[in-house]
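**Q** Here it is, the structure, as structure tokens.
The values are calculated or read from the model by the stated rules, or taken from the named source; none is laboratory data. Computed from a prediction, not measured in an experiment: that's the story for all the values here. With ideal geometry, Cβ positions are generated from the backbone for all residues, glycine too; neighbour counts draw on all protein chains shown. For accessibility, only protein heavy atoms count, side chains too; no ligands or nucleic acids. Shrake-Rupley method; radii C 1.70, N 1.55, O 1.52, S 1.80 Å.
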Amino acid sequence: MAVHQKRYVLVIDSRKCIDCKACVVACRAENNVPLGYSRNWINEERRGEWPRLLAAFEPEQCQHCESPACVRVCPTGASYQRPDGIVAIRESECVGCRYCIIACPYDARFFREDKGIVEKCDFCAQRVDRGELPACVETCPSKVRVFGDINDPESKVRALLEKRRYRTKKPEAGTGPQIYYLL
Amino acid sequence: MKHTEWGFLIIIYLFLGGLSAGAFFVSALASLLQRNGSDAAYSRIARYGAMLAPWPVMIGCTLLIFDLGRWYTFWKLFFHFRWTSPMSIGSWLLIVFSGIALLYLWSWLSEEQRKRVISKLPRRLGFLNRDLSAYRRQLAVLGTPFAIAVGIYTGVLLGAVQSRPFWNTNLVAQMFLFSALSSGCAAVTLLTALRREENDSRAFQLLYTVDIWLLTLELFIVIPYLIHGALSVQAVKDSLALVLGGPFTVTFWLFFLTAGLVLPLAIEVLEVLPALVRRVNPHFRTSMVAVTAILVLAGGFLLRYIFVFAGQMSAFK
Amino acid sequence: MGAGMTAATAHFAPLLHRPGEHAGVERLEIPTTCEMCVNKCSLIAVVENGAIRKLNPNPASPRSRGMLCARGNAGIQQVYDRSRIKKPLIRVGERGEGKWRPASWDEAWDFAAKKLSAVKQQYGPQATLWSSTESFQEVFFKNLGLAFGSPNIVRHPTLCLASVNLAYSLTFGTVPSFDVLNARYIVMAGANRLESFITPDTMDLIDSTLERKSRLIYLDPRFTVTASKADEWFPIKPGTDLAFILAMLNVIVSEKRYDKEFVSTYTLGFDQLAEHVRPYTPEWAETETEIPARDIARIAREFADSAPRAFFYAGRRSSWYREDFQTRRAQAILNAISGNWDRQGGMVPNGKIALGEFPVFPWDDPVAPRVDEMETSFPLAAKGDGAYLKLRENVLAAKPYPVKAWMIHKQDPMSALPEQSKTLAMLQQMDFVGVIDIAMSDTAWYADVIFPESTYLERQDPAEVMSGLSPVVVFRQPVIKPLHDTKPTLEIVQGLAKRLNLSQYFDFTMDQWVREQVKELPLESPLDYLKKHGIYVAPGFPKYGSTLTADHRFVTKSGKIELYSERLKEAGVDPLPVYHPPAQPPPGTFRLILGRKAYFTHGNSTNNPWLNAFASENRLWLNPRAAESLGINDGQMVEVSSTAGAVRLKAQVTQEIRRDCVFMLHGYGKRSKWQRLAGAGASDAQVLETAWDKVSGNAALHETFVKVRKV
Ligand SMILES: Nc1nc2c(c(=O)[nH]1)N[C@H]1C(S)=C(S)[C@@H](COP(=O)(O)OP(=O)(O)OC[C@H]3O[C@@H](n4cnc5c(=O)[nH]c(N)nc54)[C@H](O)[C@@H]3O)O[C@H]1N2
Ligand SMILES: Nc1nc2c(c(=O)[nH]1)N[C@H]1C(S)=C(S)[C@@H](COP(=O)(O)OP(=O)(O)OC[C@H]3O[C@@H](n4cnc5c(=O)[nH]c(N)nc54)[C@H](O)[C@@H]3O)O[C@H]1N2
Ligand code: SF4
Ligand code: SF4
Ligand code: SF4
Ligand code: SF4
Ligand code: SF4
Ligand SMILES: [Mo]
């Protein structure tokens, strides 16, 4: 197979989300996210008139944008984008100006009072580099989340995006989000 | 997780930065306009501006540093230059500008003033005792673009953030620039008003004329900003609701627009106009001048207050 | 030796070893088995320098399939919980005062042994009660009670699934599994499988329903997550499920849509059934269930036409109503005539794996009869597990004899039993209460001595067979050394046995026990295999049709599937399910119903900070129309009262429940001050009234009508 530049993305099939919160706890454990903060969360929508009710659950986290606003505005380069598309933060370089938080259209980042730095989902880079799946992806009971290399024609994400219709969140924000929500 | 990350430290910082830029600008203007250094009123304004310019911006920078999550890592800001980051550019800009502003101030010091300063410094720094007065104009010319850049930067810092529709329009930068210059101008005016001399009225007239221009320009950007926003995409419309019938409506319309912009503008015009028309020296009531200046300063501060908070609250739905 | 050994089981060296990414970090990956709930999912513990870093799912399990739920992920917190019981504790203050004295194990054992012997002296061994909930080491605790001479072993089934198990056993001679994955049509009545995890059913349902391979009809008075994913949700009137099932039977029988060939070959009593269900028309059922007759009829037809790849799901917790047994019987009968027995996508008898048994020295069977009088009160029920609520009534009445000592293992009766005041009274009338737990539960709070057990990640457990569609042996090995002065149940039991002169019955080590268990497994070195993989999956499953031979004898009286049951008749129980309309809440009152949330297990994971972060208090679900009539707004404090007691909590006004019932999450309103959420929210156990199913003795936990008023 020809060597190609990897581009990691997440494909999410919200229809299958059962709001069990396994992903949230797995992330907390894997990344030592202190209580009170979270790198990922489940959006909830409840509508309808009895007995025609509807409840929809939608996982969200950093979108690992194509042109990340957070990286653009970061004055020190602490926020950076890896060649494989993962947008991460170099703790040592972060001065805690919080400019990136303001710049992120998805409110994916939070300021850690305890450390004085900013944190967010990094696709569990430490796991991905070991060849493992991100914690939230691996643990999800209904496999709502599919993680993979969109540049790999063989990949499951590619197959899904070719087969199914999808949308991205707030495309108008212009950062090119890389989480694809299947319709 | 929706809450405002940036608070008053940032607001004050933006305000003070603008203030310095404005003070320098007015001072430079005065020293460049006056022919053959004769006109006492001009040189007085120039001196006040020069004396004032370096300090607010330097205080502002300190505030910015203490607003950092890890203030002791602020030096990292200067170990990287990232042209895509307004904050990175800004940090450098502020340093350079402060430097020039200090030199410029030095150039306006009299022999004995310099002596007094030097005497307080360690011996080794004795060599600093140089008379730069000859370079005032050059320093003014050199500093002005930086002053203007700083004025613009305080706006760009916000304006460059695409994710906050309330900010993300090129008008913001200009709005902040003119507001910055006019608050600088107002600060100098206030200083002049506080230290009475017989040439007051000429000075006031000059300052007022400049400020009238600046405030008018600001006014003519605020209005298009609102109209442009109201006609823009939904997200911007929504964000505008924050000032047009939202948490900031009163602050914006009553305190900023009316009391901080239109009212002082009106006063200034009324004071200067008759003089221009009847070609007589206007007589200013110093107290009035002071009040007007304070109003302008308050307006400048409120503009930043409103934008920093409202902007952070605005978002794409 | 690497990380992950208890002193007692040092020879269980974890085999799977991965060098750490960076020098100085010893990184182990140890497969073991989750115990945050009953499902026993397979996990792989990542241990760095002797500390648990992360619990990852183990994809090798056909039941949990590379899933670890929120609770499974939060297991770390249970181990490193600062409020754990770190040393044996002996009570110094009054019961419930929370004054403890840390004690040595010898002290604790001596103390308990003295008390137990005293009770035995004065009242006889039957005056001791031994209660526990499912755990791999439960057997040792139970055996201690039996060896001690007490018939009074009470386990959790009569709080949980006794009625459904009995109903299926009496019909098929066994309790089958449901092939959810391959079904085409599933009717689920109040088995909230997408929130109350049962593996593999939950995993199967996710694959079959969420991937739209099957059709899910879901009945529940609440709009649960399962309801939100179902193809059709019917907010059935509580307690009327039997009417719904009888009407389905009526349609299928009268329209001859049942599997005639199967019915004639394998079942008994179809004619009586046909006769019996004639009056139960969909129109009649509509008035009972408030589900439109045409929907009931349609569902019956679709169900029958999809058979054998269709079933009426049995559910697990059937501690619902006084009539619960008959409701579950009707399910069983409906499934039987649809011919889905032992067919793909239907109902399948459990595959099993035989483990070796360590020969234990036999003890004489206890002489005294059980205090709950199982033999006379519930002649049909499984005796060994007892009937918890009847037992409590009798103990409180000292009838037929007094019970004065209570040993409790891995169970929290204070939260798990209805009418907490009675459980408390029962505790108070004991001369001695000993608890084996890992945390200060509300029950432990009232104990005289607490034996702290090592958590599931710190101890070696016996191997455990999980029978089912695809039977497995799961293995639980220590991944770290015990953090505190705690022991596994076996050692706690052995310490007591020694002092009670019962050592000969426990004369073995965990190592010997486990080796004996696994030695027959068809593997070259079974123990090493289990240490390395954490699970053994029996080959050749799922199997279908092995019982579908004309000569197959079902383990029933007649050897056939008993639609009509002679045994029931003899026992004076309706041989076919007769519908008795359930009492309905009088005006101004509501039926209190119970249920699960995916991130809590029963009463005791609300102490886990990673889990209670999702709900720091429970609220009373109240339908908007009901709330309006009571003048209650969302978030307002309300009082919920019944004859059992009254509690206060905030109202959650929501469309997602019928207007004739209310709901609150289990596990709040804790009394134990060691619980993080002590006092937050309200305890349902304090308002639930005491009632049980006549036939199985299973608790009837949905029979309480409560008053709700603004306070
Ligand atoms: N109100 C209400 N009551 C109910 C139910 C309900 O939904 N609502 N559900 C019913 C059902 S279905 C069931 S199965 C029962 C369950 O009732 P219980 O069996 O009492 O279950 P838990 O409440 O989880 O209590 C388990 C206890 O075991 C302890 N424990 C956990 N791990 C270990 C361990 O490794 N070793 C030891 N020694 N102890 C441990 C916990 O700290 C806790 O105190 O409750 C029944 N009662
Ligand atoms: N997350 C999680 N999963 C668990 C457990 C846990 O504690 N937490 N516990 C495990 C254990 S021990 C058990 S027993 C099972 C229990 O899990 P389930 O068998 O699903 O039982 P519950 O969730 O207690 O109740 C199921 C539903 O019955 C509904 N219901 C109430 N009354 C009626 C009625 O009259 N008719 C109908 N059709 N529905 C009704 C309730 O609204 C509730 O949603 O879960 C197991 N899995
Ligand atoms: S783990 Fe999967 S199903 Fe559960 S909440 Fe997260 S995304 Fe949804
Ligand atoms: S979502 Fe926000 S934080 Fe993540 S890459 Fe995009 S801009 Fe950056
Ligand atoms: S907070 Fe840290 S990461 Fe964010 S912009 Fe500032 S330096 Fe960069
Ligand atoms: S990918 Fe990793 S960091 Fe990102 S949300 Fe999932 S678990 Fe957290
Ligand atoms: S369902 Fe969750 S808590 Fe229960 S055993 Fe599996 S992982 Fe553990
Ligand atoms: Mo249960």
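**Q** Pairs of alpha-carbon atoms within less than 8 angstrom and 6+ residues apart define the contacts here; what relative contact order does chain C have, in percent?
**A** 20 percent
**Q** Explain nothing, just the number: dipole magnitude of the protein assembly as shown about its Cα centre with +1 on each Lys and Arg Cβ and -1 on each Asp and Glu Cβ, in debye rounded to the nearest 20.
**A** Dipole about the Cα centre, nearest 20: 3260 debye.
**Q** Just how large is the dipole of chain C about the Cα centre, in debye to the nearest 20, putting +1 at every Lys and Arg Cβ and -1 at every Asp and Glu Cβ?
**A** 1160 debye
**Q** Put simply, what bits of segment B:274-317 lose 50 Å² or more of accessible area when the other protein chains are there, versus the chain on its own (1.4 Å probe)?
**A** B:Phe316
**Q** Same structure again: Would you mind computing, in nm to one decimal, how far apart the modelled labels at C:Glu520 and C:Asn633 are, each placed 7 Å from Cα along Cα→Cβ?
**A** Using points 7 Å along Cα→Cβ, the separation is 6.8 nm.
**Q** Residues of C:591-599, mean number of Cβ from any other protein chain within 10 Å of their own Cβ, rounded to a whole number?
**A** Mean shielding by partner chains, rounded to a whole number: 2.
**Q** Quick one: length gained pulling C:Asp551 to C:His484 fully straight, 0.36 nm per residue minus the C-alpha distance?
**A** Value of the extension gain: 18.4 nm.
**Q** Taking R0 as 22 Å, what's the FRET efficiency between B:Val291 and B:Glu198 from their Cβ-Cβ distance, rounded to 0.05?
**A** Calculated value: 0.50.
**Q** Give me the percent of accessible area attributable to carbon and sulfur for the protein assembly as shown, probe 1.4 angstrom. The partial results should precede the final answer.
**A** Working: 25930 of 44870 Å².
Accessible surface attributable to carbon and sulfur in the protein assembly as shown totals 58 percent.
**Q** Relative contact order of segment C:217-298: what whole-number percent is it, with Cα pairs under 8 angstrom and at least 6 residues apart?
**A** Relative contact order comes out at 32 percent.
**Q** May I pose another question? Local charge sum around C:Pro400 (other residues, Cβ-Cβ under 15 Å, Lys/Arg +1, Asp/Glu -1)? It would help to have the intermediate numbers written out before the result.
**A** Details: positive: C:Arg370, C:Lys390, C:Arg392, C:Lys399, C:Lys404; negative: C:Asp372, C:Glu373, C:Glu375, C:Glu393.
After counting each charged neighbour, the total is +1.
**Q** Same structure again: Using a 10 Å cut-off on Cβ to Cβ distances, tally the other chain neighbours for every residue of A:140-146 and report the average as a whole number.
**A** Shielding by partners across A:140-146 averages 6.
**Q** Indicate the residues belonging to segment A:94-127 that lose 40 Å² or more of solvent-accessible heavy-atom surface (probe 1.4 Å) upon moving from the chain alone to the assembly of all protein chains, ignoring ligands and nucleic acids.
**A** A:Val95, A:Cys97, A:Arg98, A:Tyr99, A:Ile102, A:Asp107
**Q** Follow-up question, since we're still on this one. Quick one: putting +1 on the C-beta of Lys and Arg, -1 on the C-beta of Asp and Glu, what dipole do you get for segment C:497-553 around its Cα centre, in Debye to the nearest 20?
**A** Charge dipole, segment C:497-553, about its Cα centre: 220 debye, nearest 20.
**Q** Starting with the highest mean, order C:559-565, C:184-190 by the number of other Cβ atoms within 10 Å, averaged over the residues of each peptide.
**A** On the way: C:559-565: 21.3, C:184-190: 23.4.
Highest to lowest by the protection proxy: C:184-190, C:559-565.
**Q** Quick one: which of C:319-332, B:54-67, A:11-24, C:158-171 comes out on top by average Cβ neighbours within 10 Å, and what's the full order, highest first?
**A** Values: C:319-332: 27.1, B:54-67: 19.6, A:11-24: 23.5, C:158-171: 25.1.
Sorting C:319-332, B:54-67, A:11-24, C:158-171 by mean packing, highest first, produces C:319-332, C:158-171, A:11-24, B:54-67.
**Q** Let me check I've understood the local charge: for B:Glu268, count other residues with C-beta under 14 angstrom from its C-beta, Lys and Arg +1, Asp and Glu -1. What total comes out?
**A** Once positives and negatives cancel, what remains is -2.
**Q** Right, here's the next one. For segment C:172-211, which residues drop by 10 square angstrom or more in accessible area between the chain on its own and all protein chains together (1.4 Å probe)?
**A** When all protein chains are present, C:Leu194, C:Phe197, C:Met203, C:Ile206, C:Leu210, C:Glu211 each give up 10 Å² or more of accessible surface.
**Q** Considering the zone a paramagnetic label at B:His228 would reach in this model (a point 7 Å from Cα along the Cα-to-Cβ line), which residues of segment B:128-155 have amide N under 17 Å from it?
**A** Taking a point 7 Å out along Cα→Cβ of B:His228, the residues of segment B:128-155 whose backbone N falls under 17 Å are B:152-155.
**Q** Along the positive direction of the dipole of chain C (beta-carbon charges: Lys, Arg +1; Asp, Glu -1; about the Cα centre), which of C:Val473, C:Phe172, C:Gly345 reaches farthest?
**A** Checking the options against the dipole of chain C, the answer is C:Val473.
**Q** Could you rank the peptides B:237-243, B:275-281, A:158-164, A:25-31 by their average count of other C-beta atoms within 10 Å per residue, with the highest value first? Numbers along the way, then the final one.
**A** Working: B:237-243: 19.1, B:275-281: 10.0, A:158-164: 13.7, A:25-31: 25.6.
The most tightly packed comes first, giving A:25-31, B:237-243, A:158-164, B:275-281.
**Q** Further, regarding this structure: Averaged across the residues of A:7-15, what count of C-beta atoms belonging to other chains lies within 10 Å of each residue's C-beta?
**A** 1
**Q** Solvent-accessible area per residue for the protein assembly as shown at a 1.4 Å probe radius, Å²? Walk me through the numbers before you get to the answer.
**A** Values: 44870 Å² over 1211 residues.
For the protein assembly as shown, the per-residue accessible area is 37 Å².
**Q** Follow-up question, since we're still on this one. Placing +1 on the Cβ of each Lys and Arg and -1 on the Cβ of each Asp and Glu in the protein assembly as shown, which of C:Trp130, B:Phe248, C:Ser696 has its Cα farthest towards the positive end of the resulting dipole?
**A** B:Phe248
**Q** What lysines could a cross-link reach from A:Lys169, if we take a straight Cα to Cα line under 24 Å and drop same-chain neighbours fewer than 8 places away?
**A** The reachable lysines, counting only those whose Cα sits under 24 Å from A:Lys169, are A:Lys6, A:Lys16, A:Lys21, A:Lys120, A:Lys143, A:Lys156, B:Lys2, B:Lys237, B:Lys317, C:Lys229.
**Q** Modelled label-to-label distance, B:Arg279 and C:Lys352, 7 Å Cα→beta-carbon offset: nm?
**A** 12.0 nm
**Q** Mind checking which of A:Phe147, B:Ala101, B:Ser232 is farthest towards the positive end of the protein assembly as shown's charge dipole, using Cβ charges of +1 (Lys, Arg) and -1 (Asp, Glu) about the Cα centre?
**A** It is B:Ala101, whose Cα lies furthest towards the positive end.
**Q** Which value, in square angstrom to the nearest 100, describes the accessible area buried between chains B and A on both sides, using a 1.4 angstrom probe?
**A** The contact between A and B buries close to 2700 Å².
**Q** So, in Å, what gap is there between the alpha-carbon centers of segment C:560-579 and segment A:14-67?
**A** Between the Cα centre of segment C:560-579 and that of segment A:14-67, the gap is 48 Å.
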